[in-house]
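Below: one structure, written as structure tokens.
The values are calculated or read from the model by the stated rules, or taken from the named source; none is laboratory data. The structure presented is a predicted model; accordingly, all values stated were derived computationally and were not measured. For neighbour counting, all protein chains shown are included, and Cβ atoms are generated from backbone atoms with ideal geometry for every residue, glycine included. Just the protein is used for accessible areas: all its heavy atoms, side chains included, with ligands, DNA and RNA removed. Shrake-Rupley method; radii C 1.70, N 1.55, O 1.52, S 1.80 Å.
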Amino acid sequence: MSVIDNLPPLRDVIAIHGLSARKSLGQNFLLDLNLTAKIARMAGDVSGADILEIGPGPGGLTRGLLASGARRVVAVEKDARCLPALAEIATAYPERLEVIEGDALTIDPLDHLTPPIKIAANLPYNVGTELLVRWLTPETWPPFWSSLTLMFQREVAERIVAQPGSKAYGRLAVLAQWRAEARIVLSLPPEAFTPPPKVSSAVVQLQALPAPRFDADASVLSDVVARAFNQRRKMLRASLKGLGSWAEDALLAAGIKPTERAEQVSLEAFCSLARAVAARR
Ligand code: SAM
């Protein structure tokens, strides 16, 4: 029996089901159920919400979320070896856990979820940023989720909350802070995981804003920011050349000096630039 439920400790679950960690699936497991319950609490009040979890693995965070009172958890897992362990959790929490076997990059779990929806995950490192960018860039806002509570490599977490002028400032910071309130709420050393990864990790909490901070089209902003930071050492008039012969005019229309570098440009100015670019397309 574990500290938070009547199920076996996670080390036993892993041994019983032969869940040796696979690097190719980004498997670094959290085995301390006190810690997973703490991360679950960082998602706020989950009692009236459906939680989308990506990559439940042996189910540490899943159990934390269920023990914290989540109405339902819908978990998408690519590794079929984890399914028997997850089925045992589903039995312990009747009607509250649904596991979908598959790749989170191709599965659309929306049909399985009822609002309000929160997302919580110890993300597989190989797909974490891709999923985050997708959740941040739907055409319309607010999105299907109200908050994201996500574990990333520390360096990625710092990129999400970075401010202009810092080395970590880039596409992730602009896209995250444009439509959400983002903060780092927990830092974890490699030893918190089994097996330990090479780097430290951090949990980022993103709260969806009711409306974006500044007007812009999501796909135009995403494209402009990707180009601007792709060659972050270059002046913007050079890095944005690919937009068209009018790129420098768009910069001027947005009040940005064409000789500036992406690192110096505020979120507000990037949104002005996205509007100026959209007007010329
Ligand atoms: N949530 C568990 C925990 O905290 O111990 C496991 C986290 S582990 C970092 C990442 C999990 O994501 C693994 O279980 C892995 O199999 C799963 N995974 C990897 N790629 C995936 C994908 N594309 N779609 C869904 N799950 C994936």
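Quick notes on this structure:
- Look at (1) open to solvent by 50 Å² or more (accessible area, probe 1.4 Å); (2) in contact (Cβ under 8 Å) with a residue 12 or more places away in the chain and you find that P94 fails only one, number (2).
- Restricted to helices (runs of 4 or more DSSP H) entirely inside the stretch 177-277, those with at least 3 residues that are more than 27 Å from the chain's Cα centre (by Cα) are 236-239, 247-253.
- Breaking point among (1) among the hydrophobic types (A, V, I, L, M, F, W, C); (2) within 12 Å of the ligand (Cβ to nearest atom); (3) surrounded by fewer than 18 Cβ atoms within 10 Å (Cβ to Cβ), for I16: (2)
- On the stretch given as the stretch 132-166, residues that are assigned to a loop (DSSP other than H, G, I, E, B) and either within 16 Å of the ligand (Cβ to nearest atom) or at negative phi (or both) total 14.
- Residue match in the stretch 100-109 (condition: within 22 Å of A15 (Cα to Cα), in the same structural domain as T129 (by TED's automatic domain parsing) and open to solvent by less than 50 Å² (accessible area, probe 1.4 Å)): no
- The stretch 110-131, subset open to solvent by 60 Å² or more (accessible area, probe 1.4 Å) and outside any loop (DSSP other than H, G, I, E, B), residue nearest to G170 (Cα to Cα): E130
- Applying the set (1) under 26 Å from I14 (Cα atoms); (2) free of Cβ contacts under 8 Å to residues at least 40 places away in the same chain; (3) touching a helix residue (DSSP H, G or I) at 6+ places or on another chain (Cβ under 9 Å) to A87 leaves exactly one unmet item: (3).
- Matching residues in the stretch 78-89 - criterion: being open to solvent by 30 Å² or more (accessible area, probe 1.4 Å) and part of a helix (DSSP H, G or I): A80, R81, L83, P84, A87, E88
- Lone qualifier among I100, I117 - being modelled with pLDDT of 95 or more, away from the ligand (no atom under 13 Å from the Cβ), within 14 Å of I54 (Cα to Cα) and of a type outside the set (S, T, Y): I117
- Residue match in the stretch 78-89 (condition: acidic (D, E) and within 18 Å of the chain's Cα centre (by Cα)): no
- Scanning the stretch 22-34 for residues that are more than 8 Å from the ligand (Cβ to nearest atom), surrounded by 16 or more Cβ atoms within 10 Å (Cβ to Cβ) and under 15 Å from P196 (Cα atoms) returns a single hit, D32.
- Any hit, the stretch 52-60, residues being of a type outside the set (S, T, N, Q), part of a helix (DSSP H, G or I), open to solvent by less than 40 Å² (accessible area, probe 1.4 Å) and touching a strand residue (DSSP E or B) at 6+ places or on another chain (Cβ under 7 Å): yes
- Taken over the stretch 132-154, the criterion of being aliphatic (A, V, I, L, M) and open to solvent by 10 Å² or more (accessible area, probe 1.4 Å) is satisfied by V133 alone.
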